[in-house]
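Trainee: One structure is given below, represented as structure tokens, and several questions about it will come after.
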2 protein chains.
Amino acid sequence: MSAQEAELLEKAVDRVETLPARSVVTRRGDRLRESTLLIEGAMCRYLDARDGYRQLLAYHLPGDFVDMHGYTLHRLDHDVATIVESRVATIPHERIDGMMRDHPRLAWMLWRSTLLDAAMHREWIFRLGRLDAAGRLAHFLCEVADRMEAIGRVKDGVFALPLTQQDLGEACGLTSVHVNRTLRRLREDGIADIARGEARIFDKPRLARVAEFDPDYLYLDGGPWAEPQD
Amino acid sequence: MSAQEAELLEKAVDRVETLPARSVVTRRGDRLRESTLLIEGAMCRYLDARDGYRQLLAYHLPGDFVDMHGYTLHRLDHDVATIVESRVATIPHERIDGMMRDHPRLAWMLWRSTLLDAAMHREWIFRLGRLDAAGRLAHFLCEVADRMEAIGRVKDGVFALPLTQQDLGEACGLTSVHVNRTLRRLREDGIADIARGEARIFDKPRLARVAEFDPDYLYLDGGPWAEPQD
DNA sequence: CGGAGCGTTGAAAGCCCTCAACGTTTGTGG
DNA sequence: CCACAAACGTTGAGGGCTTTCAACGCTCCG
């Protein structure tokens, strides 16, 4: 992303707010007139099940648009919430209209960001459909580790992951009890650990093997704002 | 979609081909220079697991673009294959470039189609993460029924569904054996049945209840080519 | 007519869930 | 700074859903 485009995006921002932890930002069915860029913190998207449990659909890091698809679809089919206190920038859709018209490359980048979302969704389907508990947690850890790495937030295999075992269960289709047992297993095997809001990866190759993980789908070769290659 | 836009799309088509059943069209990692519109037949997208099993990611009906995301991402992160013999139209990406530039409304529609894909992905995540075997099959049936309905291919609750029990298992994260047992249950309970390439829905309300299904995410209120509402 | 793929059924084992209890950490107000 | 409560994490036992393994019938097609 060029400096000029970054500036354009920045100028489109209506306001920057700080949202409290564990707060719902948008509800399923809400009509959207602006999109949200996560600047600092952590957010998630989820669907509610009848029994009161949630199914997480996405975990968002700083730099992610959490609801750019709402720009085109106009309403959301799921809920959006913060995990921890988060700073977000809000961009009115009408300003995006102008950017789409006058800056096709920026339009291309916004489209691309929604497609990366979809690519992650596909990998979540794989995770839930084909992996056992250890594989699912390992796969989730691999994805978040690589994405955190891409924004320079991993140090010696350690990065912030402010999710409870309940949250991890809601992401991986497991109960918090089984998440606990499975994490213990990963820890005792010297593979990885999650504790006190931090993830620690001891043995990345083994973690990736357990997860059947291939970071291909993250399209990290050029970063989220990579430009067209031809 | 206006007649003019349909004509534009049609003129962008390079060729129309017939692909044999059960053939792989694109492999993970392939570099794409054209996109594929399914005209007649049935196709799917999937990821391979280590054990040789697949995880289906999407099931495609006539009228679906099966790889429009490849236009922006340039390579695919999963495989695309036919289920039955299928007729497809191929549209070179360079011709889409022109359409994007000159016809913003058409561009908007193509973007929208990829976002509908993502919305379906999310519902597949929910299906796999939160529902039991009966719920997963019921949810899949509800989705396909509504999408088939939208293209006028449901008659008295019956529609074509040329998937084997193995395929259904690969879509729902189940073994074919358990798909068999679960389908028998749904049949004996008078809810629905899949046999000889056809699905029969006996009791839609009950099916939807088992599936915790809400068709909201299909955005059918305006059809896949619905225009911006404001 | 034969074979291969698909569908069906049974039995046993395994993974994960449920229920329950208790220890630990975190955050808040006195 | 301490005390307390609430949320979170941990562990055990038992049960249920799904898988695995195996066998056999059916259907379709060469």
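The values are calculated or read from the model by the stated rules, or taken from the named source; none is laboratory data. Quantities reported herein were computed from a predicted structural model and do not represent experimental measurements. As a convention, Cβ positions derive from the backbone with ideal geometry for all residues, glycine included, and neighbour counts pool all protein chains shown. The protein model used for the area step is the full one, side chains on, heavy atoms only, and it has no ligands, DNA or RNA in it. Shrake-Rupley method; radii C 1.70, N 1.55, O 1.52, S 1.80 Å.
Trainee: Highest GNM mean-square fluctuation, chain A, Cα pairs closer than 10 Å: which of A:Arg15, A:Arg130, A:Arg50?
Mentor: Fluctuation is largest for A:Arg50.
Trainee: Next question, about the same structure. From a point 7 Å beyond the Cα of A:Arg87 in the direction of its Cβ, which residues of the range A:11-44 have a backbone N at a distance under 18 Å?
Mentor: A:11-22, A:36-43
Trainee: Here's a follow-up. Evaluate the relative contact order of chain A (contact order divided by residue number), counting alpha-carbon pairs under 8 angstrom at least 6 apart; express in whole percent.
Mentor: Details: 383 pairs, mean separation 47.2, N = 230.
Value for chain A: 21 percent.
Trainee: For a quick check, take a GNM of chain A with Cα springs below 10 Å and name the residue from A:Glu149, A:Glu188, A:Glu34 with the largest mean-square fluctuation.
Mentor: A:Glu188
Trainee: What does the convex hull of the alpha-carbon atoms of the range B:1-125 project to on average, in nm²?
Mentor: Values: hull surface 30.6 nm².
With every direction weighted equally, the projected area is 7.7 nm².
Trainee: Right, next: Leaving out ligands and nucleic acids, note down the accessible area per residue over the range A:131-218 with a 1.4 angstrom probe, in whole Å².
Mentor: Values: 3960 Å² over 88 residues.
Averaged over the residues of the range A:131-218, the accessible area is 45 Å².
Trainee: Which ³J(HN,Hα) values, rounded to whole Hz and listed in residue order, are derived for the range B:112-127 from phi using the Karplus coefficients 6.51, -1.76 and 1.60 in 6.51 cos²θ - 1.76 cosθ + 1.60 with θ = phi - 60°, glycine and proline given as x?
Mentor: 4, 5, 6, 6, 5, 3, 5, 4, 5, 3, 4, 5, 5, 4, 4, 4
Trainee: Looking only at Cα atoms, what is the convex hull volume of the range A:34-101 per residue, in Å³?
Mentor: On the way: hull volume 5.5 nm³, N = 68.
Output value, Cα hull per residue: 81 Å³.
Trainee: Any idea how far the Cα center of the range A:1-40 sits from the one of the range B:154-206, in Å?
Mentor: Going from one Cα centre to the other spans 42 Å.
Trainee: Computed on protein heavy atoms with a 1.4 Å probe, what is the summed buried accessible area for the chain pair A and B, in Å² to the nearest 100?
Mentor: On the way: alone 12120 and 12120 Å², together 19220 Å².
Approximately 5000 Å², summed over both chains.
Trainee: Shifting gears a bit: List the residues of the range B:19-62 for which accessible area in the full set of protein chains is at least 30 Å² lower than for the chain on its own; 1.4 Å probe, protein heavy atoms only.
Mentor: B:Arg28, B:Arg31, B:Leu47, B:Ala49, B:Arg50, B:Gln55, B:Leu57
Trainee: Sticking with this one: Ordered by packing density, taken as the mean number of other Cβ atoms within 10 Å over each peptide's residues, highest first, how do A:96-102, B:169-175 rank? List each step's numbers first, then the result.
Mentor: Numbers: A:96-102: 14.9, B:169-175: 22.9.
In descending order of packing, they fall as B:169-175, A:96-102.
Trainee: One decimal, nm, shortest first: give the distances between the label point of A:Glu85 and those of the same position in the other copies, each label point 7 Å from Cα along Cα→Cβ.
Mentor: 6.6
Trainee: Still on this structure, please answer the following. Size of the dipole of the range B:132-218 about the Cα centre, Lys and Arg at +1 and Asp and Glu at -1 on the beta carbon, nothing else charged, in debye to 20? Please report the intermediate quantities before stating the final value.
Mentor: Working: 13 positive and 15 negative charges, 63 e Å.
With Lys and Arg at +1 and Asp and Glu at -1, about 300 debye.
Trainee: At 7 angstrom along the Cα-to-beta-carbon line, where would the label on B:Glu10 sit relative to the other copies? Give the distances in nm, shortest first.
Mentor: 4.9
Trainee: Through the Karplus equation 6.51 cos²θ - 1.76 cosθ + 1.60, θ set to phi - 60°, convert the phi angles of the range B:154-169 into ³J(HN,Hα) values in whole Hz; use x for Gly and Pro.
Mentor: My calculation for the range B:154-169 gives 10, 10, 6, x, 10, 8, 5, 8, x, 10, 7, 5, 4, 4, 4, x Hz in order.
Trainee: Dipole of chain B, Cα-centred, from +1 at each Lys and Arg C-beta and -1 at each Asp and Glu C-beta, to the nearest 20 debye?
Mentor: On the way: 32 positive and 38 negative charges, 145 e Å.
Its charge dipole is roughly 700 debye.
Trainee: Ratio of alpha-carbon Rg to the 2.2 N^0.38 Å globular estimate for the protein assembly as shown, to two decimals, please. Spell out each step's value before the answer.
Mentor: Working: Rg = 21.5 Å, N = 460, 2.2 N^0.38 = 22.6 Å.
Dividing the Cα Rg of the protein assembly as shown by 2.2 N^0.38 Å gives 0.95.
Trainee: With every protein chain left in place, what is the accessible area per residue of the range B:3-124 in square angstrom, probe 1.4 Å?
Mentor: Numbers: 4720 Å² over 122 residues.
Per-residue accessible area for the range B:3-124 comes out at 39 Å².
Trainee: Using a 1.4 Å probe on the heavy atoms of the protein chains only, list every residue of the range B:113-128 that has 50 Å² or more less accessible area in the complete assembly than in its chain alone.
Mentor: Flagged in the range B:113-128: B:Leu115, B:His121, B:Arg122, B:Ile125, B:Phe126, B:Leu128.
Trainee: Under the rule of at least 5 residues apart or a separate chain, name every residue whose amide H is placed under 5 Å from the amide H of B:Val84.
Mentor: Amide H to amide H, under 5 Å and 5 or more residues apart or across chains, B:Val84 pairs with B:Arg22, B:Ala42.
Trainee: On to the next question. At 222 nm, what helix-only mean residue ellipticity would chain B give, in deg cm²/dmol to the nearest 500, using -39500 (n - 2.57) for each DSSP H run of four or more? Before the final figure, lay out each step's value.
Mentor: On the way: 8 runs with 99 residues, N = 230.
Helices in chain B give a 222 nm mean residue ellipticity of -13500 deg cm²/dmol.
Trainee: Now for a separate question. To the nearest whole number, what is the average tally of beta carbon atoms from other chains within 10 Å of the beta carbons of peptide B:68-79?
Mentor: On the way: counts 1, 8, 1, 3, 9, 9, 6, 4, 3, 12, 7, 0.
Partner Cβ neighbours, averaged per residue: 5.
Trainee: Using square roots of five times the C-alpha gyration tensor eigenvalues, list the equivalent-ellipsoid semi-axes of the range B:132-218 in whole Å, biggest first. Walk me through the numbers before you get to the answer.
Mentor: Values: eigenvalues 65, 39, 33 Å².
After scaling each eigenvalue by five and taking roots: 18, 14, 13 Å.
Trainee: Along Cα→Cβ, 7 Å out, is where each label goes; now give me the distance between the ones at B:Val13 and B:Lys155 in nm to one decimal.
Mentor: 2.4 nm
Trainee: How much of the accessible area of the range B:132-218, probe 1.4 Å, is carbon plus sulfur, in whole percent?
Mentor: Details: 1810 of 3940 Å².
Exposed carbon and sulfur together represent 46 percent of the surface.
Trainee: When the solvent-accessible surface of protein heavy atoms is calculated with a 1.4 angstrom probe, in what order do A:Arg147, A:Arg196, B:Arg185 fall, highest first? Before the final figure, lay out each step's value.
Mentor: Working: A:Arg147 20, A:Arg196 225, B:Arg185 145 Å².
Heavy-atom accessible area, descending, gives A:Arg196, B:Arg185, A:Arg147.
Trainee: Can you tell me the Rg and Dmax of chain B, counting just the alpha carbons, in angstroms?
Mentor: 17.8, 55
Trainee: For B:Leu57, list long-range residues whose amide hydrogen, built 1.01 Å from N in the peptide plane, is under 5 Å from its own amide hydrogen.
Mentor: B:Arg45, B:Tyr46, B:Leu47
Trainee: Would you please give the residues with an amide H less than 5 Å from that of B:Phe202, counting only those at least 5 places away or on a separate chain, with H modeled from the backbone geometry?
Mentor: B:Ala192, B:Asp193
Trainee: Taking θ as phi - 60°, what are the ³J(HN,Hα) couplings along the range A:89-98 by the Karplus curve (6.51, -1.76, 1.60), each to the nearest whole Hz, with x for Gly and Pro?
Mentor: After applying 6.51 cos²θ - 1.76 cosθ + 1.60, I find 9, 10, 10, x, 4, 5, 6, 5, 3, x Hz.
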